[in-house]
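Peer 1: First, the structure itself, so that you have it in front of you.
Values quoted throughout were computed directly from the atomic coordinates according to the rules given, and no laboratory measurement underlies them. As the structure is a prediction and not an experimental result, all values here were calculated from the model. Note that each Cβ is placed from the backbone with ideal geometry, even for glycine, and that neighbours are counted across all protein chains shown.
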Amino acid sequence: MTADLSPTPAPQLSPTRRAFGVYIGRFEPPHLAHQAVMREALEQVDTLILVIGSARAARTTKNPFTAQEREALIRAMLTEAGVDPARLRFVAVRDHLYDEGRWLAEVRSGVQAHTGGSADVALIGHIKDGSSYYLRSFPDWDFLPTHVISGLSATAVRRALFERRLHDLGGMVPPAVEAFLREFYPSADSAALRAEYEHLLACQAALDPARTPPIAVTAHAAVTRAGRVLLLRRGVHPGQGNLALPGRELLPDETLVACAARAAQLDTGLDVREFMGADATSTGLHAAWLAGQVFDAPDRSPRGRVVAHAFPFNLGSGPLPDLRPGGDAAQALWLPVPEALGSPELFFEDHHAILEELLARA
Ligand code: NAD
């Protein structure tokens, strides 16, 4: 496969050359079009700040590489293209799917740490579709639209990697990135991602294309006791090995909060109703119901459209009940809340973001 990168037109040297340019992306992995945009930007700015999004997340088929790996790749591919790495700065920012203000603030503060508060900042990018909406979220930075025209996408690069078409990589990524991907390919992380990719393909193939894509509704339990939160370690794809909140798809005849309680019992052996005492059962469930929230980011799950509801069950203090893993859980555990909140990269899908919303603000 060959990249359809049209030659970058001779960059118009801006009459007002900027001190700083900001280029935000996932770069999973960085490809030839990203490289062309960066080189074009470097004709117009002195220092280019690369904001690497979706940092500190567990490896998935959509986000296979750590922020550190992506930073190293960008450095290597630009150095290889003759760019002085002293002109590059990096900021890694986590996603905050349910708190846009926090994401914007983290991007701004990360950029400011490099600009020292200078107002001479331009935002670089390409408004390709709805997913680029964030480029309009920094009105105080001038916008420098890129002139790079290319249909290249990182999705095609990831597909080539997971479908064992390594010979296609060369037409899509710079040599330094190709060399890294070839080295990554035989690793255990890569094998796990390929298995997950095949699992997801099988799920998609099982869907009836004549029907509208199904929308699943799930309920999850965020059970806490004595400063710990109840979690499970997934034993199956997707997200094998990741930590997750107990959860289940809603049955036709149950309420969401009852579904969450059922999930806790099936996945970890803990019956929250019994634990809250017979009298407190309905009150306890009602308190959890009142504090429940909906988590509906459209692409929160690679399995398809899944709208999740999550409910906090606060079981107070005292000894921790024994656990018995079931369902998709290879292990059930009580993790100290600060440890769980401080380890986003260990979590499945957006379960860390769910925990943050339910616990960190409580
Ligand atoms: P991307 O790697 O797909 O693209 C990065 C940039 O390159 C974009 O400006 C894109 O338009 C441009 N680009 C991509 N392919 C191109 C091509 N072929 N030709 C020319 N330009 C091309 O990254 P993205 O998904 O846009 O990255 C945004 C990041 O910010 C993600 O990590 C996202 O999760 C994060 N984000 C998070 C939040 C939140 O958590 N609330 C909100 C907004 C964005």
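Peer 1: Using mean Cβ contacts within 10 Å as the protection proxy, how do 269-276, 144-151 order, highest first?
Peer 2: On the way: 269-276: 19.0, 144-151: 16.1.
Going from most to least packed, we get 269-276, 144-151.
Peer 1: For residue 309, which sequence-distant residues (separation of 5 or more, or a different chain) have an amide H within less than 5 Å of its own amide H, given hydrogens modelled in the peptide plane?
Peer 2: Amide H neighbours of residue 309, under 5 Å, 5+ apart: 218, 219, 220, 295.
Peer 1: I want to check the label-to-label distance for residue 19 and residue 56. Put each point 7 Å from Cα in the C-beta direction and report it in nm to one decimal.
Peer 2: A separation of 2.8 nm, rounded to one decimal place.
Peer 1: Also, I was wondering about something else. Under a plain spin-label model, where a point goes 7 Å from the Cα along Cα-to-Cβ, how far apart in nm are residue 254 and residue 118?
Peer 2: Rounded to a tenth, the inter-label distance reads 5.8 nm.
Peer 1: Just order 192-205, 169-182, 254-267, 91-104 by mean Cβ neighbour count inside 10 Å, highest at the front, would you?
Peer 2: Working: 192-205: 15.5, 169-182: 19.9, 254-267: 21.6, 91-104: 17.1.
In descending order of packing, they fall as 254-267, 169-182, 91-104, 192-205.
Peer 1: Against the empirical 2.2 N^0.38 Å scaling, what ratio does the C-alpha Rg of region 216-361 come to? Intermediate results must be reported in sequence, preceding the final value.
Peer 2: Values: Rg = 13.9 Å, N = 146, 2.2 N^0.38 = 14.6 Å.
Here the Cα radius of gyration is 0.95 times the empirical estimate.
Peer 1: Okay, moving on. How far is the Cα center of region 28-44 from the Cα center of region 138-163, in Å?
Peer 2: 9
Peer 1: Using modelled amide H (1.01 Å from N, peptide plane; none on Pro or chain starts), what sits under 5 Å from the amide H of residue 143, excluding residues fewer than 5 places away?
Peer 2: Correct list: 123.
Peer 1: Same structure again: Given axes a ≥ b ≥ c from the Cα gyration tensor, I'd like to know whether region 239-318 is rounded (a/c under 1.5), prolate (a/b larger than b/c) or oblate. Mind showing how you got there, number by number?
Peer 2: Details: a/c = 2.01, a/b = 1.62, b/c = 1.24.
The shape class here is prolate.
Peer 1: With both partners inside the chain, how many of the DSSP beta bridges are antiparallel, as a percent to the nearest 5? If you can, show how the numbers build up before the last one.
Peer 2: Working: 17 of 49 bridges.
DSSP beta bridges in the chain are roughly 35 percent antiparallel.
Peer 1: Using a Förster distance of 45 Å, how high is the FRET efficiency between residue 216 and residue 79, based on the Cβ-Cβ distance and rounded to 0.05?
Peer 2: Values: r = 45 Å, r/R0 = 1.01.
Calculated transfer efficiency: 0.50.
Peer 1: Okay, next question. Work out, step by step, the length gained on full extension between residue 43 and residue 188: first 0.36 nm times the residue separation, then minus their alpha carbon distance; give nm to one decimal.
Peer 2: On the way: separation 145, 0.36 × 145 = 52.20 nm, distance 3.98 nm.
48.2 nm is the gain from fully extending residue 43 to residue 188.
Peer 1: If contacts are Cα pairs under 8 angstrom and at least 6 residues apart, what is the relative contact order of region 172-307 in percent?
Peer 2: 22
Peer 1: Fewest first, what order do 23, 134 take by the number of other Cβ atoms within 10 Å? Write down the numbers at each step before the final one.
Peer 2: Working: 23 23, 134 16.
Ranked by crowding around the Cβ, least crowded first: 134, 23.
Peer 1: OK, next. Equivalent-ellipsoid semi-axes (√(5λ), Cα gyration tensor) for region 9-128, whole Å, largest first? Spell out each step's value before the answer.
Peer 2: Details: eigenvalues 105, 66, 31 Å².
In descending order, the three semi-axes are 23, 18, 13 Å.
Peer 1: Right, here's the next one. Just want the ordering: 313, 143, 295, from fewest to most Cβ atoms lying within 10 Å of their own Cβ.
Peer 2: Result, fewest neighbours first: 143, 295, 313.
Peer 1: Hey, another quick one. Just round it to a whole percent: the fraction of Cα-Cα distances in region 113-268 exceeding 25 Å. Don't jump to the answer; show the numbers that get you there.
Peer 2: Numbers: 7456 of 12090 pairs.
Summing the P(r) tail past 25 Å for region 113-268 gives 62 percent.
Peer 1: Something else: What nm value, rounded to one decimal, do you get for the distance between residue 201 and residue 143 when each label is placed 7 Å out toward the C-beta?
Peer 2: My value for the distance between the label points is 3.8 nm.
Peer 1: First measure r as the distance between the Cβ atoms of residue 136 and residue 345, then evaluate 1/(1 + (r/R0)^6) with R0 = 35 Å and state the FRET efficiency to the nearest 0.05. Kindly include the intermediate steps, with their values, before the conclusion.
Peer 2: Working: r = 29 Å, r/R0 = 0.84.
The formula returns an efficiency of 0.75 here.
Peer 1: While we're looking at this one, here's another question. Would you please report the Å³ per residue occupied by the convex hull of the alpha carbon atoms in the chain?
Peer 2: Working: hull volume 55.1 nm³, N = 362.
It is 152 Å³ per residue.
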